[in-house]
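What follows is a short report on a single structure.
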Amino acid sequence: MEPIEILKQFNSCYLKIQAIAQDENWLLLIADKRIDPEAATHLGDVLHYLDQAMGCVEEVVEVKFNQDIKV
């Protein structure tokens, strides 16, 4: 899989997880204490680390893009 494809997949995952984190049902699960409130923290951590991984891949994609422009 090319770096740009990896980045696209990461981005897709990020958007899906972010949608869950903002979903009313998810928020109600936490508010009603039907699940451990730490779950919200864990989901936030997932978004943070996925964002960090995306940043690393973006650097590779940018370098390749800049190299392709110079050719």
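Put a dot 7 Å past the Cα of residue 9, heading toward its Cβ, do the same for residue 68, and the two dots end up 1.8 nm apart. Counting lysine pairs in the chain that sit 8 or more residues apart in sequence, or on different chains, and whose Cα atoms lie under 29 Å apart gives 5. If you work out semi-axes √(5λ) of the Cα gyration tensor in Å from the coordinates, which of [x] 31, 18, 7; [y] 27, 16, 10; [z] 35, 10, 7 do you get? Here the calculated entry is [z]. Dividing the helix sum by the residues of the chain, where each DSSP H run of 4 or more adds -39500 (n - 2.57), gives a mean residue ellipticity at 222 nm of -29500 deg cm²/dmol.
Were the residues from residue 17 through residue 36 laid out at 0.36 nm apart, the gain over their Cα-Cα distance would be 5.1 nm. The C-alpha atoms of the chain define a longest principal axis, and helix 38-70 lies at about 10 degrees to it. Taking the Cα centre of the stretch 3-70 as reference, the dipole from Cβ charges on Lys and Arg (+1) and Asp and Glu (-1) amounts to some 140 debye. Residue ranges 14-21, 35-42 sort as 14-21, 35-42 when ordered by packing (mean number of other C-beta atoms within 10 Å per residue, highest first).
Working from Cα pairs under 8 Å separated by at least six residues, relative contact order for the chain is 46 percent.
We did not get these values from a lab; they are worked out from the coordinates using the rules stated. Because the structure is a prediction, the values reported are computed rather than measured. For neighbour counting, all protein chains shown are included, and Cβ atoms are generated from backbone atoms with ideal geometry for every residue, glycine included.
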